[in-house]
Amino acid sequence: MTNSTPPPMPAFPPPPPEPKKSRTNAIIIGSAVAIIAAIIGTGVVVVQNQDDDKSAATATASSTPAEEEVEPAVEEPEPEPDYVTPLAGDFTADLRTVRRKCFGSAGCNVTVEPKLTYNGASTSLDPAAVFEITYEIRGGGDGPVIETAELTNQTTLNFTQTMVTGVPANAKLSMEITEILERGY
């Protein structure tokens, strides 16, 4: 009898170890949960800080946030600025001579325009208002001339140049503000 031994088994490499499961998904989910918890926790703290009627001890003891209606802060409107209507005495008024043409004994034709300076703060005037400033030019041979200028945007003066005739060669023209009216917007 022959003792027969089975032939030796071929050598196989050991089975590979099971691949490690990736923890990436677990890390992402854990991070998301932590972020959400932090946001909710911060929201509870903000709501608690805005609520003047609740005490801090009661809000901290609560583990789940109670749903409360938060009333928005009421913004108080800014007070309307106090604008003034200027008076004649609030201006320094003078004339600027633009042209002068003299005709001997017949006198001169003089073209002038108003120079007005507001003595107050221009910001005290309503920027949306139009002020009609009526003034009288004196010193011409034909008597006084009445004109009107408009003050807009607190500092813009709109006017028309005025020709005064029959002015004696040595005469100096003058002006005086006679009325100021505030025209609607």
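The values are calculated or read from the model by the stated rules, or taken from the named source; none is laboratory data. Computed from a predicted model, the values in this text were never measured in an experiment. Cβ: placed from backbone, ideal geometry, glycine included. Neighbour counts: every protein chain shown. In case anyone asks, the SASA skips ligands and DNA or RNA and just uses the protein heavy atoms, side chains included. Shrake-Rupley method; radii C 1.70, N 1.55, O 1.52, S 1.80 Å.
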**Item:** Residue that is nearest to Asp94 (Cα to Cα), among those in segment 169-185 that are part of a loop (DSSP other than H, G, I, E, B) and open to solvent by less than 60 Å² (accessible area, probe 1.4 Å)
**Value:** Leu173
**Request:** Among the residues of segment 98-149, write down those that are of a type in the set (Ser, Thr, Tyr) and modelled with pLDDT of 95 or more.
**Result:** Thr111, Thr134, Tyr135, Thr148
**Asked** Across segment 103-126, which residue is surrounded by the most Cβ atoms within 10 Å (Cβ to Cβ) among those that are over 15 Å from Lys172 (Cα atoms) and of a type in the set (A, V, I, L, M)?
**Response** Leu125
**Asked** Going by the structure shown, is Phe91 buried (at least 16 other Cβ atoms within 10 Å of the Cβ), in contact with an Asp or Glu (Cβ under 7 Å, 6 or more places away or on another chain) and modelled with pLDDT of 90 or more?
**Response** no
**Request:** Show the residue pairs that are 6+ apart or on different chains and have beta-carbon atoms under 8 Å apart, the first residue being within segment 69-92 and closer than 30 Å to Glu176 by Cα and free of Cβ contacts under 8 Å to residues at least 60 places away in the same chain, the second being assigned to a loop (DSSP other than H, G, I, E, B) and open to solvent by 70 Å² or more (accessible area, probe 1.4 Å).
**Result:** Asp90/Asn119; Thr92/Asn119
**Prompt:** Of the residues Ser4, Ser62, Ser55, which single one is modelled with pLDDT under 75, open to solvent by less than 100 Å² (accessible area, probe 1.4 Å), under 40 Å from the mean Cα position of the chain (by Cα) and hydroxyl-bearing (Ser, Thr, Tyr)?
**Reply:** Ser55
**Request:** Go through segment 127-157 residue by residue and tally those that are open to solvent by less than 50 Å² (accessible area, probe 1.4 Å), among the polar types (S, T, N, Q) and either more than 16 Å from Thr92 (Cα to Cα) or not in a strand (DSSP E or B) (or both).
**Result:** 2
